[in-house]
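Contents: one structure, followed by commentary.
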Amino acid sequence: MTQTGGVRRAILSGSTFEEQIGYARAVVDGDWVHVSGTTGFDYAAMTISDDVVEQAEQCLRNVGAALAEAGCSFADVVRVRYLLPDREDFEPCWPVLRRVFGEVRPAATMMMCGLADPRMRIEIEVDARRGADV
């Protein structure tokens, strides 16, 4: 389903943060899908693991759900950003990230920064184009 004429659609995950802060998990704008920075919270239970690799896996489940609701998949991702407070946490996540993005090869950036909650150890943000030939 392609949207034209600048029509935007917000996708909400049910995270309490979306309501409290005022943002959408993702925004579909034509063929483009912009997924907000997504952490390792299990939004159904509002819990988060202490383990960075488990957080990365949950981030990807959350991102994947938003992409699916937007009518695309990880194969459509053209840009990914990884945000971590501690650079030492990035390398342990590589196998998880490679499993999802290894064939897709999106443009990628890793940045060190503080996250909104000290329990958060990784945040992942992606941009995708529906129907993109990767």
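With everything on Cα atoms, drop me the angle between helix 52-69 and the longest principal axis of the chain, reported from 0 to 90° to the nearest 10.
It works out to around 10 degrees.
In whole Å, what are the extents of the chain along the principal axes defined by its C-alpha atoms, from largest to smallest?
If we take the Cα atoms of the chain, the spans are 43, 35, 23 Å.
Largest first, how would Met120, Met111 line up by accessible area (1.4 Å probe)? Show your work: numbers first, answer last.
Numbers: Met120 10, Met111 75 Å².
Largest to smallest exposure gives the sequence Met111, Met120.
Show Glu88, Glu57 ordered by accessible area, largest first, where the area counts protein heavy atoms only and the probe is 1.4 Å. Present the calculation step by step, with values, prior to reporting the outcome.
Numbers: Glu88 130, Glu57 55 Å².
From most exposed to least exposed: Glu88, Glu57.
Using 0.36 nm per residue of separation minus the Cα-Cα distance, give me the extension gain between Arg105 and Ala75 in nm, one decimal.
On the way: separation 30, 0.36 × 30 = 10.80 nm, distance 0.91 nm.
Once the chain is fully extended between Arg105 and Ala75, it gains 9.9 nm.
Just to verify a number: what accessible area does Phe74 come out at with the full protein assembly present, 1.4 Å probe, Å² rounded to tens?
50
Expressed as an acute angle from 0 to 90° and rounded to the nearest 10, what is the orientation of the C-alpha long axis of helix 90-101 relative to the principal long axis of the chain?
The angle comes out at about 30 degrees.
The values are calculated or read from the model by the stated rules, or taken from the named source; none is laboratory data. As the structure is a computational prediction, the values presented were derived from the model and not from experiment. SASA here: full protein model, heavy atoms, side chains in, ligands and nucleic acids out. Shrake-Rupley method; radii C 1.70, N 1.55, O 1.52, S 1.80 Å.
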